[in-house]
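Shown next, in C-alpha cells, is the structure this report addresses.
The values are calculated or read from the model by the stated rules, or taken from the named source; none is laboratory data. Everything numeric in this text was worked out from a predicted model, so none of it was measured. Reconstructed Cβ throughout: ideal geometry from the backbone, glycine too, with neighbour counts over all protein chains shown.
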C-alpha cells in the first residue's frame, strides 16, 4: 500500500511505501499517472517561465534609452508616449521576476529578487519624472545631470534584478529554452 504525501519543501507529491505494493491496484496506477503528469506539468511550467525570463530580460536598457533620447530632444509628447512603454517594460520585469520566484526553492534568492523588483517598481516613476523634467528643460545642466543619476540608478537596479533572477533559476531550464529558441531561428532560415 502507498500513501501520498505533500512535500512542503518543494511543493511536490511524494509516494511513501507503507506496505506491500500490488502492481494491478487501480489506486497505485492512478497515483503513478498523477505523479508523472504533475512532474510533466512542473517541467512545462518551468519552461514557460524561463521563456518569459529570457524574452523579458533581453535588451533591458532599450526602453530607457529611447525615453532619454526623446527627453533630450525636448519632445514632451514623445516622452509621455515612451514613458508608457518604459512603465510597461518595468511592470513586465517585475511580473516576470515574481514568476521566477514562484518556481524557485531558493528562499534567500527569492527574497533578493523580491527586494530588487520592489526597487524597480519604486524607481520607475522617478525615472519618468526625470525624463519629463529634462524634456521641459532640455538645455538645463541640472535636468541633464538629474537624468543621468536616474539612468545610472535604473541600470544598476536592473543588473541587480537580473543577477538575482539568474541565481534562482536553473541553468538546465535556461539551456533548454535557449536550445528551443535556436532551433526556432534555424527553422525560420531553412
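Show the residue pairs that are 6+ apart or on different chains and have beta-carbon atoms under 7 Å apart, the first residue being within the stretch 55-73 and in contact (Cβ under 8 Å) with a residue 24 or more places away in the chain and at positive phi, the second being in a helix (DSSP H, G or I) and surrounded by fewer than 18 Cβ atoms within 10 Å (Cβ to Cβ).
none
On the given criteria, is residue 141 farther than 22 Å from residue 121 by Cα and modelled with pLDDT of 75 or more?
On the way: farther than 22 Å from residue 121 by Cα: yes; modelled with pLDDT of 75 or more: yes.
When the stated conditions are applied, residue 141 passes them.
Restricting attention to the stretch 52-75, which residues are surrounded by fewer than 18 Cβ atoms within 10 Å (Cβ to Cβ), over 20 Å from residue 149 (Cα atoms) and touching a helix residue (DSSP H, G or I) at 6+ places or on another chain (Cβ under 6 Å)?
Of everything in the stretch 52-75, those that are surrounded by fewer than 18 Cβ atoms within 10 Å (Cβ to Cβ), over 20 Å from residue 149 (Cα atoms) and touching a helix residue (DSSP H, G or I) at 6+ places or on another chain (Cβ under 6 Å) turn out to be 52, 54.
Going residue by residue through the stretch 40-62, is there one that turns out to be within 30 Å of residue 134 (Cβ to Cβ) and at pLDDT 90 or above? Spell out the reasoning first.
The first filter runs over the stretch 40-62 and keeps only residues within 30 Å of residue 134 (Cβ to Cβ), leaving 55-62.
Then drop every residue that is not at pLDDT 90 or above, which leaves 61-62.
Scanning the stretch 40-62 turns up at least one residue that is within 30 Å of residue 134 (Cβ to Cβ) and at pLDDT 90 or above.
(1) modelled with pLDDT of 95 or more; (2) more than 22 Å from the chain's Cα centre (by Cα): which one isn't true of residue 189, the others all being true?
(1)
Picking from 79, 127, 149, 186, which residue would you name as being more than 26 Å from residue 51 (Cα to Cα), part of a helix (DSSP H, G or I) and out of contact with any helix residue (DSSP H, G or I) (no Cβ under 7 Å at 6 or more places or on another chain)?
Values: 79 fails: out of contact with any helix residue (DSSP H, G or I) (no Cβ under 7 Å at 6 or more places or on another chain); 127 fails: out of contact with any helix residue (DSSP H, G or I) (no Cβ under 7 Å at 6 or more places or on another chain); 186 fails: more than 26 Å from residue 51 (Cα to Cα).
Going through 79, 127, 149, 186 in turn, the sole match is 149.
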